[in-house]
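Presented below is the structure to which this report refers.
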Amino acid sequence: MKNALLTVLLLLPLLAFAQAEEHNHEGHDEHEHHHHYHVGIATGAVYVIGEGEFAPGLHLHMARLIDLSTGQLGLGVGLEGIFDEHRHYAASFNMSYLPIHNLTFTVAPGVQYGENNYVFTTHFECSYEFIFDRIHIGPVVEYAWATTDAHFMAGVHFGFGF
């Protein structure tokens with residue numbers, strides 16, 4: 001599982017740079033697909049490290065994108081749920097960097113809650129999106145750490161820009 005996640009993390013930037021190079025050669029307007037808000041959902045298989053088990057997971061987020069000279073900065077909020085026998089949820093403040101519009105790196109500190117406890121958590125996420133007008137779809141990987149547990153997620157990200 002760790003080798004597969006590492007492979008995906010290494011391949012995403014390569015795909016992004018290839019996409020950027022192809023995009024530059026096509027002669028399209030650079031801001032053709034850009035938008036200021038992004039609403040997304042990521043779903044996939046979550047591996048809960050402490051339990052050694054897989055469970056379904058869901059992550060919802062909304063961000064405001066700000067143009068920078070070197071890409072875009074995204075600021076927003078997120079909610080996550082892991083649906084195993086020890087269900088837990090997290091609410092976070094998301095900070096994203098998009099070096100190119102298709103590739104997103106996110107750090108999301110927040111609070112994890114469930115089973116009558118609240119603990120600090122931080123999520124690290126990377127997604128690569130194929131953009132079809134305002135609809136985005138692509139692979140996503142995530143690592144989340146909390147004082148009580150940690151997990152990996154690999155799945156699919158669906159988004160909408162406006």
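The values are calculated or read from the model by the stated rules, or taken from the named source; none is laboratory data. Since we're looking at a predicted model, the values are computed, not measured. With ideal geometry, Cβ positions are generated from the backbone for all residues, glycine too; neighbour counts draw on all protein chains shown.
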Exercise. Taking the stretch 83-104, which residues are more than 14 Å from T70 (Cα to Cα) and not aliphatic (A, V, I, L, M)?
Worked result: F83, D84, E85, H86, R87, H88, Y89, S92, F93, N94
Exercise. In the stretch 69-86, is there at least one residue being over 19 Å from E142 (Cβ atoms), of a type in the set (A, V, I, L, M), at pLDDT 95 or above and touching an Asp or Glu at 6+ places or on another chain (Cβ under 9 Å)?
Worked result: yes
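The rows are residues; the columns are (1) surrounded by fewer than 17 Cβ atoms within 10 Å (Cβ to Cβ); (2) out of contact with any Ser or Thr (no Cβ under 6 Å at 6 or more places or on another chain); (3) not polar (S, T, N, Q).
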site: V48; (1), (2), (3): no, yes, yes
site: E51; (1), (2), (3): yes, yes, yes
site: I66; (1), (2), (3): yes, yes, yes
site: V107; (1), (2), (3): yes, yes, yes
site: V119; (1), (2), (3): yes, no, yes
Exercise. Pick from the stretch 145-162 the residues that are aromatic (F, W, Y), assigned to a strand (DSSP E or B) and touching a residue at least 60 places away in the same chain (Cβ under 8 Å): which of them is nearest to L60 (Cα to Cα)?
Worked result: F158
For this session: Looking only at the stretch 90-120, count how many residues are within 13 Å of the chain's Cα centre (by Cα) and in contact (Cβ under 8 Å) with a residue 60 or more places away in the chain.
Result: 2
